[in-house]
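Structure, as structure tokens:
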Amino acid sequence: MNAADLFGVVAALLVGIGLYGLIVNPQPLRKILSFNVIGNGVFLLFGAIAYRGAAFGLGSDPVPQALLITGLVVAFSATALAVALLLRLFEATGSDTLSSEPPAANPSAAGEQ
Amino acid sequence: MADVLLAAAGIILVTVALGLVPIVRGASATDNILAVQLFGTGGVAVLLLLGAVSGAEAIVDVALTLALLSAFVSVAFVKSYPAASSDVTRSSAMYECRA
Amino acid sequence: MMTFVNLLLAVLLLALAAWTTLARNMFAAVVGFIAYGALLALAWVQLSGIDIALTEAAIGSGLTGLLLLNAASRLHVNANAGGNTGRSRLRVPAALLSAAVSGALMLCVFALPETPPTLAPDVAANLASTEVRNPITAVLLAFRAMDTLLEAIVLLFALIGVWSLSSDPHWGGRPGLRQYSEPNGILAYTARVLPPIGIVVGAYIFWTGADYPGGKFQGATLLAAMWLLVLMAGLADAPPIRRTWLRVALVAGPLAFIAVGFLGLQTAGAFLAYPEGFVKPLIIAIELALLPSLTLVLGLLLLGAPLRGEEP
Amino acid sequence: MRFPDTLTRLHALTKADNLGLGLVVLGLVLQAGSVAAALKLICVWLLLLLSGACVSQLIARNTRERESRP
């Protein structure tokens with residue numbers, strides 16, 4: 001099994017693990033963590049595909065790699081915004097979990113998208 | 001030679017992974033951050049070894065970044081998790097009266 | 001032997017990801033995430049994405065980890081907080097759904113075409129015309145410069161979003177809490193000794209980006225981290241976000257980028273096209289202009305919404 | 001457990017940090033391609049020595065305060 005296939009499989013599993021955590025955990029901060037795990041899985045999958053495109057002395061296809069760097073930075077800014085929303089929610093309501101009111105899960109979870 | 005270096009990298013990875021076992025068994029917050037510190041150093045060592053194997057000198061730069069930021073995260077931990085509580089304002093009060 | 005190291009990395013990555021999503025203790029989950037980010041950087045090295053490994057080590061592990069660590073401590077989530085009990089009926093369907101998604105993705109991985117589509121030959125053929133030697137930098141600032149411009153603007157929008165969450169009395173004030181430490185203590189010592197080194201390393205990683213892995217985002221992350229270290233030790237205070245110099249510095253980088261874009265319209269016939277012979281100087285000028293703006297944006301994103309008035 | 005509390009574990013950790021990485025760097029310096037590459041490896045080690053010293057001081061102080069509290 002070469003590195004591209006191996007890390008492709010890892011990426012698929014990471015997306016699964018993150019998705020499970022995103023659904024099951026009621027706390028928004030845990031949801032943000034899980035969302036980041038999904039994001040990393042997607043990035044790793046993209047990177048594994050880029051690795052297969054190595055040619056002309058380049059170890060990996062540089063165009064997806066550049067897009068991945070952009071993606072990592074944008075994911076960070078989205079996480080920062082989600083965390084700020086969560087802290088404001090906590091400040092306003094004094095609650096850090098959504099478990100008692102499942103419908104309210106949507107507004108804060110939407111900040112992660 | 002490459003095999004020896006890779007074996008060393010593997011051994012370091014296994015050792016560092018064993019350092020995580022106490023966390024899973026529920027250690028204190030400080031022990032968690034010790035494990036992260038160990039992870040930072042272990043990661044740097046593995047990166048240096050991988051850099052020697054593949055001949056890509058830029059990997060050393062990744063190691064430098066990892067080293068700086070793992071120290072940074074540990075400092076942030078001490079700042080935001082002061083003694084016995086996880087309250088930031090309390091930490092500032094505490095430091096204030098000591099200063 | 002390489003395969004063995006890769007397998008080990010894969011198993012550790014999966015174990016840490018599972019730990020991050022399932023751990024009872026919030027703090028332990030965040031710590032797991034930071035370690036997971038460091039491992040991910042190793043995985044990127046194995047996929048010969050050294051640029052991405054740098055970004056992951058700096059932003060994915062370092063900055064995101066710090067952000068979550070701060071949030072966890074502000075939320076007082078010490079113990080399990082009784083969270084996992086509320087949705088036990090969701091567990092089985094969620095597990096089935098996640099397994100199905102993972103399985104489908106794995107099928108996709110193994111169904112990829114035998115000869116992969118790649119743009120590497122095009123990049124290799126056109127690399128010489130950009131005069132930079134790092135293909136990633138060439139893609140980021142010459143072939144796909146529009147993406148990078150919009151990325152810098154996305155960061156600004158995120159910062160505006162974070163700031164707009166401040167409560168009315170604190171609007172325009174200083175972000176974060178005032179930090180104190182013993183003036184001669186070890187924290188103040190660390191904050192005096194590490195930043196000079198960190199600034200040199202950050203500048204080096206920025207400067208080397210034209211020819212070797214590195215670049216403005218990674219360099220700016222290190223600089224922002226060092227700025228935050230100084231703030232955490234109480235040696236300086238965060239500026240109020242009302243300050244004009246701060247706002248000018250924030251938009252100066254993207255504005256310079258746009259200005260170069262319009263210059264291309266004049267001299268080379270297309271937005272963001274570079275005139276012959278000036279490619280490398282212009283790329284370096286854009287990166288140099290973006291560096292301070294990015295440093296400030298990343299640092300301020302971590303500090304969050306203003307919590308105090310203008311008085312220190 | 002061989003290292004029963006946080007401070008002893010910190011003690012063990014710093015050995016791994018300083019000496020272990022030092023030995024790895026020493027081994028790699030011997031087969032580095034150029035003097036500059038070797039110096040860079042040594043710089044990484046020195047940086048980790050410095051930051052490790054600072055951070056372990058901080059953590060130790062933090063632990064002591066935590067334990068001296070009732």
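The values are calculated or read from the model by the stated rules, or taken from the named source; none is laboratory data. From a predicted model like this one, the values you see are computed outputs, not experimental measurements. Ideal geometry is used to build each Cβ from the backbone, glycine not excepted, and the neighbour counts take in all protein chains shown.
Scan the stretch B:1-24 for residues that are within 17 Å of residue D:41 (Cβ to Cβ) and at the interface with chain C (Cβ under 8 Å from one of its Cβ atoms) and the total you get is 1.
So that you can scan it fast, the table gives a plain yes or no per residue for (1) of a type in the set (Lys, Arg); (2) surrounded by fewer than 14 Cβ atoms within 10 Å (Cβ to Cβ); (3) in the same structural domain as residue C:300 (by TED's automatic domain parsing); (4) touching a Ser or Thr at 6+ places or on another chain (Cβ under 7 Å):
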position: C:163; (1), (2), (3), (4): no, no, yes, no
position: C:166; (1), (2), (3), (4): no, no, yes, no
position: C:176; (1), (2), (3), (4): no, no, yes, no
position: C:179; (1), (2), (3), (4): no, no, yes, yes
position: C:182; (1), (2), (3), (4): no, no, yes, no
position: C:189; (1), (2), (3), (4): no, no, yes, no
position: C:193; (1), (2), (3), (4): no, no, yes, no
position: C:200; (1), (2), (3), (4): no, yes, yes, no
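Checking the structure you have, find out if any residue of the stretch C:230-240 is in a helix (DSSP H, G or I) and within 12 Å of chain D (Cβ to nearest Cβ). Reasoning before the result, please.
We begin by selecting, within the stretch C:230-240, every residue in a helix (DSSP H, G or I); these are C:230-232.
Adding the requirement that they be within 12 Å of chain D (Cβ to nearest Cβ) leaves C:232.
Within the stretch C:230-240, one or more residues are in a helix (DSSP H, G or I) and within 12 Å of chain D (Cβ to nearest Cβ).
So is residue D:32 at the interface with another protein chain (Cβ under 9 Å from one of its Cβ atoms), at pLDDT below 85 and in a loop (DSSP other than H, G, I, E, B) or not? Here the answer is yes, as residue D:32 does meet what is asked.
Counting only residues that are outside any loop (DSSP other than H, G, I, E, B) and surrounded by fewer than 24 Cβ atoms within 10 Å (Cβ to Cβ), which one in the stretch A:45-63 is farthest from the other protein chains (Cβ to nearest Cβ)?
Checked the stretch A:45-63; the qualifying residue farthest from the other protein chains (Cβ to nearest Cβ) is A:46.
Of all residues in the stretch B:25-49, those being more than 7 Å from every other protein chain (Cβ to nearest Cβ) and modelled with pLDDT under 80 number 3. Of all the listed residues (C:112, C:105, C:141, C:150), the sole one being within 8 Å of chain A (Cβ to nearest Cβ), modelled with pLDDT of 80 or more and part of a helix (DSSP H, G or I) is C:105. In the stretch C:290-311 there is at least one residue matching the filter, namely being crowded, with 22+ Cβ neighbours inside 10 Å and in a loop (DSSP other than H, G, I, E, B). The single condition among (1) closer than 18 Å to residue A:54 by Cα; (2) assigned to a loop (DSSP other than H, G, I, E, B); (3) in contact (Cβ under 8 Å) with a residue 24 or more places away in the chain; (4) not aliphatic (A, V, I, L, M) that residue C:173 does not meet is (1).
Do you know which residues across the stretch C:115-138 are in a helix (DSSP H, G or I), more than 7 Å from chain A (Cβ to nearest Cβ) and without any contact (Cβ under 8 Å) to a residue 40 or more places away in the chain? Don't jump to the end; show me each part of the working.
Step one: filter the stretch C:115-138 for residues in a helix (DSSP H, G or I), giving C:120-130, C:135-138.
Subset that is more than 7 Å from chain A (Cβ to nearest Cβ): C:122, C:125-130, C:137-138.
C:122, C:125, C:126, C:127, C:128, C:138 - these are the residues of the stretch C:115-138 that are in a helix (DSSP H, G or I), more than 7 Å from chain A (Cβ to nearest Cβ) and without any contact (Cβ under 8 Å) to a residue 40 or more places away in the chain.
Does the stretch C:73-84 contain any residue that is at pLDDT 85 or above, touching a Leu at 6+ places or on another chain (Cβ under 9 Å) and part of a helix (DSSP H, G or I)? Let's see the steps before the verdict.
In the first step, residues of the stretch C:73-84 are kept if they are at pLDDT 85 or above; the result is none.
Within the stretch C:73-84 (the criterion being at pLDDT 85 or above, touching a Leu at 6+ places or on another chain (Cβ under 9 Å) and part of a helix (DSSP H, G or I)), the answer is no, since none of the residues qualifies.
Is the stretch D:37-57 home to any residue that is basic (Lys, Arg), more than 8 Å from chain B (Cβ to nearest Cβ) and under 21 Å from residue B:8 (Cα atoms)? No, there is no match, as no residue in the stretch D:37-57 is basic (Lys, Arg), more than 8 Å from chain B (Cβ to nearest Cβ) and under 21 Å from residue B:8 (Cα atoms). Note on the stretch A:1-34: residues that are surrounded by fewer than 24 Cβ atoms within 10 Å (Cβ to Cβ), assigned to a helix (DSSP H, G or I) and more than 7 Å from chain C (Cβ to nearest Cβ) total 2.
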